[in-house]
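Worksheet for the structure shown next.
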Amino acid sequence: MTDPIGTALETGLETVLVVDFGAQYAQLIARRVREAHVYSEIVPHSVTAAEITARAASGRPVRGIVFSGGPASVHVDGAPSIDPAVYDLGIPIFGICYGAQLLARDLGGEVARTGRGEYGRTELTVAEDSGSAEGSASADSGSLLFTAAQPRTQPVWMSHFDTITVPPIGAVVVASTPDTPAAAFEDRAAGRYGVQFHPEVVHTPHGQEVLEHFLYDACGLSPSWTMSSIIETQVELIRAQVGSARAICGLSGGVDSAVAAALVHRAIGPQLTCVFVDTGLMRQGEGEQVVETFQRHQGIELIHVRAGERFFERLAGITEPEAKRKAIGELFIRVFEDSSGGIEDAEFLVQGTLYPDVIESGTKDAAKIKSHHNVGGLPDDMQFKLVEPLRALFKDEVRKVGTELGLPDEIVWRQPFPGPGLGVRIIGEVTPDKVAMLQHADAIVREEVKAAGLEREIWQAFAVLPDIRSVGVMGDERTYGHPIIIRAVTSEDAMTADWARLPYDLLERMSSRIINEVAGINRVAYDITSKPPGTIEWE
Ligand code: XMP
């Protein structure tokens, strides 16, 4: 089992495990639990009862288990299942969709193959005698999941094929839909709950309440996992891990390394030194902003390495995308090593690894599309011990921690930016002139998106400089200049993305400003490719 905390020092961190049965939504469920201020982790369905019990010994007792949905049918051979001993642990279990069907199958209920699925929005009816008084489930009778405070009929979102017709032995049906007689069931004495619908999605407006009833009333948890408690806990853990040693952190200007650095600085103060390698391939004004934020405001010791010239020298004549990425990545490590060599006794390296990386590493065997480079990708043979204070957090949680630590919005809400920087947004050879042109156009794109109030809705918006020129006419003169391609996408996680439907007048403002303000550009195009088949970056 992966251990995002990575240490047994934590005590009393009551945990809810989300058992992943191959769901699209396992991460979303874990986030919803955390939004209820309860710490949650995702585990594969191969988790054993013994592993779950062992967590108590490391100070992180499991107080509740959620079975996620999944694409399989419980009737097919090899359908994902759970160690049966998990049912004997006395820990409350909440099954969602496939998870609920599994509970029914394993515990004496019935799951029918009706030959007819239920997809999308449907109306859920809570059973007549369900619902305990005053929104509290402390009463002995009535439903725990659906209290009297909840509407008797409510929209829910379904996505299933098989249907639970008989709940587990001992459980009572507390809600149904036209197609699913046992759409929600509970056995309060045994601590088993199941819903056929998806409480975690936004299309189920009362879903979070149902989940919270499970967490607070069935598991007896309290909403104590807050941003300030995360910071306090991490500060203690970092102090215990690092002691009086020195640590270094590579800053990229991105959110993750920034928050990791600020958190570690809160814990060990001047024992931390940050190294900021300015590759010359950053966005306009980014270098100064990193220095301003970390050195001046946060008071963090910062080594600012201006390495632009070395990068341009190294990139001369290189046009092939992978060759460019490799050259930038390798030189970055060399420059980082040279400059951090000055910090003789640094024993620890701070990295901004996030929880999705922890979940995915090892399980990902997807084909390599691009060789990624980022500060977190520094090689292991650098002989440092790692400090990864964000290993347990999702991106939105990292942003909240950053804000709580006093980082400015410009850093906390910064859009993702590739490690190789503008180097992969200039098609063909990278030169200082092209970088200056692209920086200027890119700044206009981002300024206009911000002015239109779309900054947080859009995953990334930026400019690309292709290696072609076209003919135009400006003030009766023939021009032969470069085009700029605007790329703006919406996405949840960068794995898939859609081109953003930017308003025409916004596109027009960008286009006319870029052509009027950036010398050498005479044409602007908008990229309307989703991912797949395209990628977000052009190289
Ligand atoms: P693609 O272009 O693969 O990008 O669709 C997906 C996301 O990853 C970012 N990206 C990178 N991030 N180092 C990074 O830290 C890299 O080498 C890198 N390449 C792409 C990209 O901006 C998008 O958000």
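The values are calculated or read from the model by the stated rules, or taken from the named source; none is laboratory data. Just so it is clear, the structure is predicted and the values come from calculations on it, not from any experiment. Cβ sites come from the backbone with ideal geometry, for glycine too, and all protein chains shown count toward neighbours. When the accessible area is computed, the model is the full protein with side chains, heavy atoms only, and any ligands, DNA or RNA have been set aside. Shrake-Rupley method; radii C 1.70, N 1.55, O 1.52, S 1.80 Å.
A few notes on this one:
- Here the condition is being out of contact with any Leu (no Cβ under 8 Å at 6 or more places or on another chain), in the same structural domain as Leu354 (by TED's automatic domain parsing) and touching a residue at least 60 places away in the same chain (Cβ under 8 Å); of Ala245, Ala258, it holds for Ala245 alone.
- Test result for Val305, farther than 22 Å from Lys370 by Cα, assigned by TED's automatic domain parsing to the domain that holds Leu263 and under 27 Å from the mean Cα position of the chain (by Cα): no
Residue-by-condition table, conditions (1) at pLDDT 95 or above; (2) at positive phi; (3) not charged (D, E, K, R):
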| site | (1), (2), (3) |
| --- | --- |
| Ile5 | no, no, yes |
| Thr48 | yes, no, yes |
| Leu102 | yes, no, yes |
| Gly108 | yes, yes, yes |
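- Phe311 meets each of the listed conditions (1) within 15 Å of the ligand (Cβ to nearest atom); (2) under 26 Å from the mean Cα position of the chain (by Cα); (3) crowded, with 22+ Cβ neighbours inside 10 Å apart from (2).
A quick yes/no check of all residues on (1) touching a residue at least 40 places away in the same chain (Cβ under 8 Å); (2) within 16 Å of the ligand (Cβ to nearest atom):
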position: Gln289; (1), (2): yes, no
position: Phe294; (1), (2): yes, no
position: Ile300; (1), (2): no, no
position: Arg306; (1), (2): no, no
position: Leu315; (1), (2): yes, yes
position: Ala327; (1), (2): no, yes
position: Phe336; (1), (2): yes, yes
position: Ser339; (1), (2): yes, no
position: Glu347; (1), (2): yes, no
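- Some residue of the stretch 456-464 being away from the ligand (no atom under 14 Å from the Cβ) and either at pLDDT below 95 or over 26 Å from Ser530 (Cα atoms) (or both): yes
- Leading residue by the ranking (modelled with the lowest pLDDT) among those in the stretch 328-350 that are within 20 Å of Glu388 (Cβ to Cβ) and touching a Lys or Arg at 6+ places or on another chain (Cβ under 9 Å): Ile343
- Looking across the stretch 262-301, the residues that are open to solvent by 10 Å² or more (accessible area, probe 1.4 Å) and in contact with a strand residue (DSSP E or B) (Cβ under 6 Å, 6 or more places away or on another chain) come down to His265, Gln271, Asp278, Val291, Gln295, Glu301.
- Any hit, the stretch 499-511, residues being within 16 Å of the ligand (Cβ to nearest atom), in the same structural domain as Glu457 (by TED's automatic domain parsing) and either touching a Pro at 6+ places or on another chain (Cβ under 7 Å) or of a type in the set (A, V, I, L, M, F, W, C) (or both): yes
- In the stretch 515-539, the residues that are out of contact with any strand residue (DSSP E or B) (no Cβ under 7 Å at 6 or more places or on another chain) and away from the ligand (no atom under 12 Å from the Cβ): Asn516, Glu517, Val518, Ala519
- Scan of the stretch 97-114 for residues that are among the aliphatic types (A, V, I, L, M) and either open to solvent by 20 Å² or more (accessible area, probe 1.4 Å) or touching a helix residue (DSSP H, G or I) at 6+ places or on another chain (Cβ under 7 Å) (or both), ordered by number: Leu107, Val111, Ala112
- Among the residues of the stretch 10-26, those that are farther than 17 Å from Trp225 by Cβ and either open to solvent by 20 Å² or more (accessible area, probe 1.4 Å) or among the hydroxyl-bearing types (Ser, Thr, Tyr) (or both) comprise Asp20, Gly22, Ala23, Gln24, Tyr25.
- Leu215 meets the conditions (1) in a loop (DSSP other than H, G, I, E, B); (2) in contact with a helix residue (DSSP H, G or I) (Cβ under 9 Å, 6 or more places away or on another chain) in every case but one. The failed one is (1).
- Going through (1) among the aromatic types (Phe, Trp, Tyr); (2) in a loop (DSSP other than H, G, I, E, B); (3) more than 28 Å from the chain's Cα centre (by Cα) one by one, Tyr480 falls short only on (2).
- Complete set of residues in the stretch 195-238 that are in contact with a strand residue (DSSP E or B) (Cβ under 8 Å, 6 or more places away or on another chain) and either of a type in the set (Asp, Glu) or open to solvent by 30 Å² or more (accessible area, probe 1.4 Å) (or both): Glu200, His203, Pro205, His206, Gly220
- Filtered residues of the stretch 484-498 (kept if within 16 Å of the ligand (Cβ to nearest atom), crowded, with 17+ Cβ neighbours inside 10 Å and of a type in the set (A, V, I, L, M)): Ile485, Ile486, Ala488, Val489, Ala497
- Any hit, the stretch 162-181, residues being in a strand (DSSP E or B), modelled with pLDDT under 95, within 21 Å of Pro80 (Cβ to Cβ) and of a type outside the set (Val, Ile, Thr): no
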